[in-house]
Structure formats: C-alpha cells, structure tokens
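Trainee: The structure under discussion is supplied below as structure tokens; questions concerning it will follow.
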Amino acid sequence: MAVRLKKQMKKRLLNLLALLEGAHKVIVENIEKNHGEAAACLEECQNTAIAIGTKIDEIEGEGTASVATLENYCELVYAVYEQILGGSPLKPSEIFENLNDSYQNAAHIMEQELPEIIEVVFLPYKASMWDSLESVWEKVSAVPGIEAKVIPIPYYDRRSDGSFGKFHYEGEQFPPNVPVIDYATYDFEKNHPDEIYIHNPYDEMNIVTSVHPFFYSKNLKKYTDKLVYIPYFVLKEIDLKNKNELMAKAHLAQVPAVMYADEIIVQSENMRQFYIESMVMLCGENARKSFERKIKGTGSPKLDRIRKMNEEGVEIPEEWKQYFFRKDGGKKKVVLYNTSISAFLRKSEQMLCKMERVFGVFKKQQDEVVLLWRPHPLMEATVSSMRPQLWKQYQKLVESYKNEDFGIYDDSPDVDRAIVLADAYYGDQSSLVMMCNAINKPVMIQSVVISHV
C-alpha cells in the first residue's frame, strides 16, 4: 500500500530539504579556509535530515524508502565531517556534487513515494444549515487523495448589549452518515488544511449570534491556503438593472467572508454579478478584477440537496403521521408555514398578531389541512436579543401552538425534509421560497397587513 502524506506536510518537508543545497554551498566555501564553520554547517545538515526522517516515521511508520535515502545522506555528511576533522585532503567540487546528488535523490524518492493527500475541512456551525455544504462535502469525499473532515464549530447567542450569551454546539445533531470531528481536538496550526469551507459570513458583525472568534473568516485565513465561503441562504434573483434594488440588497454581499475568502460560490451567474457590483460599491473600482476572479456563480448546494431529496423521496417521521392523515386514512394537504427573522424585525408586534391569526385559521381546517410551522432556526435567539420586550409574548405563542396540537412545530435541523413533504408553502420571503421553486412547490407569500389568510 502506498504511503500517503498530507499535502501541506509534504510541501513543508520538501521545502525544508531544499534548504540543504544552500548549506552545501556554504560548506564548500569554508572547507579550506574555515573548517569549524564547515563542520558546524554539516552538523546542521545532518540534524535537518534527521528531523525530516523522524517526522516521516512519526506520520507514516518506519521502513519507508524516503527515510532510507535520508539515512544515506546522513552517512555521507558524517563521512565529510570526519574528513574535515581528520585533515584529509578534500576536493570542494566533489564534495558539493556528492552532497547535492544525495539530497536530490532523497527529494526525488520522497516526491514519488509519498503521494500527497489534500485535506479539506468543512466548518458548519448550525446543523440546520449543513445543507449549504453537504453536496460539496459528498463530492469532495468521493475523490481519491482527498481527506474531507467535518468539524462543527461552536457559537454564542448575543445579548442585547452585544456580549456573548448562551454557548451552543450542535455536533451531535448532524446526520449519522456525516462523521464529525470535535473542534477542540483539531489543531488548525499544525494541520494547516489545504482548503476550509465556511457558510457563516458575518464574523463579529452578526448581532444575533456569533461563532467563536477563532472561526471568524479573517482569522481562519491564516490557517489554510484556500478559504471558501458558500452562503447558507439562497436569495430571490436580483434585477441588476434596478439600481435601487441593488443598493438596498448590497449589504447581503458586503460581509467579511466575501472580503477574506479566496473563493465565494453563489447560486447563479446573475447573483455572481450582484456580489461583484456590491463589493465594488464598497471597495472601489480597483477591486473589481479581484472579486471577478474569486466569486463563482456555479450554484448553491442547498438547491442540489433539495432536488436530490425530492427525486429520492422522504419518509414521513413517525411522530408526524398522526397529523398527516385523516381518521379515514386519507392524506391531508400539508402547508409549510415559514416565519423569517427579517419579516419579524420589520413589524414585530404585527407579526405576532399575524401568526396568531394564521394559527386560528388552520386550527379550524385541521381535518383537511395540516400546518407545518417552521420558524427560522435563529428566531428565538433573535427575539430574545433584539426584541426582549416581546420575548414572553413570543414564547407564549409558541407554547400555545404546541399545546393546542393541531399542527406540527418543526425545529429540527432538516429543513429540506419539511419542504419535500409539504404540498405548498405559505409564509415570508426567504431562502425556502427559492428551494420550493426549485422543486415546483406552490408558494404564497404572507402579508402582515392583511388580516385574513
């Protein structure tokens, strides 16, 4: 079986080995005029080769040809060292050629014997947003020579004063087929993964939640050769000719991850142009070429996943079946009701009244229609942080809905399941609308100011 080494570690070891050629020149220059300097340099060469060999043994185990060639190099270095100390006649050109041939042979064997593994790390923070990375992870995991690691990261609710509140870690909520690694056990500096994928773009700018500051995009960039940002949301396509709309939505693109990432993957070519124009507005025309290079409009993994799930079908959870079917065994119509953060923040009190009216209507129709209510995953944290005066009222509304037991309250990590199982969508404008459109689900957007449903 071929020996395999992480790409970054292999690169480091070969770069370290390449330093020997310069040392050989120093040795040759001092052989005749400064034996002490030449001997000291030979000793450093030997220590370097030993350190490289030890690292290979540590990672790959003993018995590699790479280490054997490094041992041969060390023996040659020692022989030259003894000649210098013994005062034997030396030919500098011959010494240089022998040392260089030996070191280059070791480099060649290492290059051939140690086929590199590319390490790619995915850093989701909310399990419900994993769908924005999942299809990329699946594709990457299937490629020989790539080691893909999923490392869920912690986050905090923010208090109304902006300080960190409750700590969250959702590593245990990921699907069983996704092997997760505890973030506390992974050394980013030591491993220096080749690529890191993130879906949280805000760094310190998010006023509702914050990932741990170590995982801000501007910090992660120090620990990888390529930082990739994929939005956890999909947006309604933007009319680029409408300058007012462009300016009103630009803040969605003007986020730290777009600034610091080496690559940004968005849902369409049109959205790519929106991101580019938004960042040019922020950074100036001189930045255009840079953002044109790194922003790709190749599609959203969220849409990939929902289409795949829709094709394969989804099993109704056992605990939902009592709501999905009438007493005579017939299936009810299922309406997915989505309430978004942005809509709630715009008209908070009116939204609470609207939701209460919606629940009343569907309660009356429960024999034929089931409401599947799925609030935004960060709704509770948002209300608590940004509308604390309405927190108890919102809690009461949630508890009332659950206790009356005429519909489903879905706060699970899997939003796609709800979309696929629903017959139609009703609620606020959000990423879910785009996902419903992708699989041809009927969509109706609610209006807070309209009192009837």
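Trainee: List the helices (runs of 4 or more DSSP H) inside the stretch 373-447, counting only whole elements, that have at least 1 residues being in contact with a Gly (Cβ under 8 Å, 6 or more places away or on another chain). Outline the logic, then answer.
Mentor: Values: elements: 379-386, 391-404, 415-421, 431-438.
Those helices (runs of 4 or more DSSP H) span 379-386, 391-404, 415-421.
Trainee: Restricting to the stretch 64-85, count the residues that are of a type in the set (D, E, K, R) and under 47 Å from the mean Cα position of the chain (by Cα).
Mentor: First, pick out the residues of the stretch 64-85 that are of a type in the set (D, E, K, R): 71, 75, 82.
Next, from what is left, pick out any that are under 47 Å from the mean Cα position of the chain (by Cα): 71, 75.
Total satisfying the criteria: 2.
Trainee: Among the residues of the stretch 194-207, write down those that are outside any helix (DSSP H, G or I) and either surrounded by fewer than 19 Cβ atoms within 10 Å (Cβ to Cβ) or in the same structural domain as Met379 (by TED's automatic domain parsing) (or both). Step through it out loud before you land on a result.
Mentor: The first filter runs over the stretch 194-207 and keeps only residues outside any helix (DSSP H, G or I), leaving 194-202, 206-207.
Hits for the stretch 194-207 are Tyr202, Asn206, Ile207.
Trainee: Tally up the residues in the stretch 27-40 that are crowded, with 22+ Cβ neighbours inside 10 Å and without any contact (Cβ under 8 Å) to a residue 60 or more places away in the chain, please.
Mentor: 1
Trainee: Residue by residue through the stretch 330-344, note down the ones that are over 15 Å from Gly427 (Cβ atoms) and either touching a residue at least 60 places away in the same chain (Cβ under 8 Å) or within 33 Å of the chain's Cα centre (by Cα) (or both). Give the derivation first.
Mentor: Filtering the stretch 330-344 down to residues over 15 Å from Gly427 (Cβ atoms) leaves 330-333.
Lys333 - this is the single residue of the stretch 330-344 that is over 15 Å from Gly427 (Cβ atoms) and either touching a residue at least 60 places away in the same chain (Cβ under 8 Å) or within 33 Å of the chain's Cα centre (by Cα) (or both).
Trainee: Another question, then. Looking only at the stretch 269-299, which residues are small (Gly, Ala, Ser) and at pLDDT 95 or above?
Mentor: Once the filter is applied, which keeps residues that are small (Gly, Ala, Ser) and at pLDDT 95 or above, the stretch 269-299 yields Ser278, Gly284, Ala287, Ser290, Gly297.
Trainee: Does Ile181 satisfy the condition of being among the hydrophobic types (A, V, I, L, M, F, W, C) and in contact with a Phe, Trp or Tyr (Cβ under 6 Å, 6 or more places away or on another chain)?
Mentor: Numbers: among the hydrophobic types (A, V, I, L, M, F, W, C): yes; in contact with a Phe, Trp or Tyr (Cβ under 6 Å, 6 or more places away or on another chain): no.
Here the answer is no, as Ile181 does not meet what is asked.
Trainee: Could you tell me whether the stretch 413-420 includes any residue that is within 14 Å of Ile341 (Cα to Cα) and assigned by TED's automatic domain parsing to the domain that holds Asn440? Walk me through it before giving the result.
Mentor: So the first thing to find is which residues in the stretch 413-420 are within 14 Å of Ile341 (Cα to Cα), and the list is none.
Looking for residues that are within 14 Å of Ile341 (Cα to Cα) and assigned by TED's automatic domain parsing to the domain that holds Asn440, one finds none in the stretch 413-420, hence no.
Trainee: Hey, can you tell me all the residues within the stretch 225-254 that are part of a loop (DSSP other than H, G, I, E, B) and under 19 Å from Phe122 (Cβ atoms)?
Mentor: Just the residues of the stretch 225-254 that are part of a loop (DSSP other than H, G, I, E, B), to begin with: 225, 230-242, 253-254.
Within the stretch 225-254, Asp225, Ile230, Pro231, Tyr232, Phe233, Val234 meet the criteria.
Trainee: With the checklist (1) part of a helix (DSSP H, G or I); (2) of a type outside the set (Asp, Glu); (3) modelled with pLDDT of 90 or more in hand, flag the one item Tyr125 doesn't pass.
Mentor: The number of the failed condition is (1).
Listed here are the residues, each with its yes/no results for (1) touching a helix residue (DSSP H, G or I) at 6+ places or on another chain (Cβ under 7 Å); (2) within 23 Å of Ile306 (Cβ to Cβ); (3) not in a helix (DSSP H, G or I).
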| site | (1), (2), (3) |
| --- | --- |
| Pro152 | yes, yes, yes |
| Glu172 | no, no, no |
| Ala184 | no, no, no |
| Glu189 | yes, no, no |
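Each row is one residue, and each column tells you yes or no for (1) part of a helix (DSSP H, G or I); (2) β-branched (Val, Ile, Thr); (3) closer than 19 Å to Ile27 by Cβ; (4) not assigned by TED's automatic domain parsing to the domain that holds Val180.
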position	(1), (2), (3), (4)
Ala49	yes, no, yes, yes
Thr54	yes, yes, no, yes
Leu76	yes, no, yes, yes
Val80	yes, yes, yes, yes
Ile84	yes, yes, yes, yes
Glu94	yes, no, yes, yes
Glu97	yes, no, yes, yes
Tyr103	yes, no, yes, yes
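Trainee: Mind listing whichever residues of the stretch 291-329 are more than 32 Å from the chain's Cα centre (by Cα) and not in a helix (DSSP H, G or I)?
Mentor: Phe325, Arg326, Lys327, Asp328, Gly329
Trainee: Mind telling me which of the residues Val398, Val443 ends up being free of Cβ contacts under 8 Å to residues at least 24 places away in the same chain, closer than 21 Å to Met309 by Cα, surrounded by fewer than 19 Cβ atoms within 10 Å (Cβ to Cβ) and β-branched (Val, Ile, Thr)? Step through it out loud before you land on a result.
Mentor: Values: Val398 fails: closer than 21 Å to Met309 by Cα.
Testing whether each residue is free of Cβ contacts under 8 Å to residues at least 24 places away in the same chain, closer than 21 Å to Met309 by Cα, surrounded by fewer than 19 Cβ atoms within 10 Å (Cβ to Cβ) and β-branched (Val, Ile, Thr) leaves just Val443.
Trainee: Can we say Glu170 is crowded, with 20+ Cβ neighbours inside 10 Å and either modelled with pLDDT under 95 or over 18 Å from Pro231 (Cβ atoms) (or both)? Don't jump to the end; show me each part of the working.
Mentor: Values: crowded, with 20+ Cβ neighbours inside 10 Å: yes; either modelled with pLDDT under 95 or over 18 Å from Pro231 (Cβ atoms) (or both): yes.
Here the answer is yes, as Glu170 does meet what is asked.
Trainee: Turning to a different aspect of this structure: Condition first: surrounded by 14 or more Cβ atoms within 10 Å (Cβ to Cβ) and within 15 Å of the chain's Cα centre (by Cα). Can you find one or more residues in the stretch 232-248 that meet it?
Mentor: yes
Trainee: Now, a different point. Can you tell me which condition Phe291 does not meet? The list is (1) assigned by TED's automatic domain parsing to the domain that holds Val208; (2) surrounded by fewer than 16 Cβ atoms within 10 Å (Cβ to Cβ), and all the others hold.
Mentor: (2)
The values are calculated or read from the model by the stated rules, or taken from the named source; none is laboratory data. Owing to the predicted nature of the structure, the values given are computational and were not obtained by experimental measurement. Note that each Cβ is placed from the backbone with ideal geometry, even for glycine, and that neighbours are counted across all protein chains shown.
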